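Enquirer: Pasting a structure here, questions to come.
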């Protein structure tokens, strides 16, 4: 965190504040549910109901307390670094206003004009120069314009190192899912990327496939551009619940809570959607960005500027 600039520190600060807010909300909900459970436990013939309420509060404690701790520590560290950065900036020198300089009055002296006899010089004879003939300049050919962005400023966007997950030798059977089956990811990618973020084609005609992996991070959707064969992967919870924190938990509590816990342990923002560039295909974009995980808005900002 010591090498971050002021803008990056402010982004870390606001991210820590969001974590702290989520931690307070989840912890408060867990405490409320636990309190109801204790009331039932102490009641007559309600012990089982109270135990159920206490068990229901456990996942909220598991999410809320880590968020609260990380949010508090993150805001303290960010405030400290912002204060150090402001103290290290050089102070502007005070401006000195000088008094206006008053010019001394000019004293005009009258001088009598003397009689001047004009002597006309003889005209100068110059040799006649021959006109110069300029050779026609040949127009230089214009450099071909690249269809993609070759130089990626990774320091500006600070992506995460996710690594390449898909297996290039495996037949994933990429296909269109315009019908009822698979319409959710197909509709999502068509709406999110009307242009391919890698080759900037306005007719990507996305095809989709699934990458199943035995990992606590969950399975992936693979999106392939038919124009440049570039592949982008996104986690299934981010596509189906849009990865938007509380709304994702409300729409699907089990998947939403798991997605929040995975992002919290990976250092990601709870309400952000992430995408990994698995392959740049034949787009001409530098392969240095393969295996990098970007926020969705960063990916669109980098490549969709044409």
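Enquirer: For region 263-285: of the residues being over 18 Å from residue 222 (Cβ atoms) and either buried (at least 17 other Cβ atoms within 10 Å of the Cβ) or modelled with pLDDT of 85 or more (or both), which is nearest to the chain's Cα centre (by Cα)?
Expert: Ranking the candidates gives 272 first.
Enquirer: Among the residues of region 179-193, write down those that are over 19 Å from the mean Cα position of the chain (by Cα) and under 14 Å from residue 226 (Cβ atoms).
Expert: 186, 190
Enquirer: Just for region 153-184: of the residues that are touching a helix residue (DSSP H, G or I) at 6+ places or on another chain (Cβ under 8 Å) and more than 30 Å from residue 11 (Cα to Cα), which one is surrounded by the fewest Cβ atoms within 10 Å (Cβ to Cβ)?
Expert: Result: 178.
Enquirer: Considering each residue of region 268-297, count those that are assigned to a loop (DSSP other than H, G, I, E, B), more than 30 Å from residue 20 (Cβ to Cβ) and in contact (Cβ under 8 Å) with a residue 60 or more places away in the chain, and give that number.
Expert: Residues of region 268-297 assigned to a loop (DSSP other than H, G, I, E, B): 268-273, 280-286, 290-291.
Next cut, more than 30 Å from residue 20 (Cβ to Cβ) only: 280-286, 290-291.
When the remaining residues are screened for being in contact (Cβ under 8 Å) with a residue 60 or more places away in the chain, the result is 280-281, 283-286, 290-291.
Total meeting the criteria: 8.
Enquirer: Separate question: Tell me, yes or no, whether region 128-135 has at least one residue that is at pLDDT 85 or above and over 26 Å from the mean Cα position of the chain (by Cα).
Expert: no
Enquirer: Is there a residue being modelled with pLDDT under 80 and in a loop (DSSP other than H, G, I, E, B) anywhere in region 58-74?
Expert: No; the residues of region 58-74 include none that is modelled with pLDDT under 80 and in a loop (DSSP other than H, G, I, E, B).
Enquirer: Taking only region 49-85 into account, find how many residues are without any contact (Cβ under 8 Å) to a residue 24 or more places away in the chain and either outside the structural domain of residue 34 (by TED's automatic domain parsing) or under 16 Å from residue 10 (Cβ atoms) (or both).
Expert: Residues that pass the stated criteria total 4.
The values are calculated or read from the model by the stated rules, or taken from the named source; none is laboratory data. Only a predicted model underlies this, so the values are computations on that prediction, with no experimental measurement involved. Note that each Cβ is placed from the backbone with ideal geometry, even for glycine, and that neighbours are counted across all protein chains shown.
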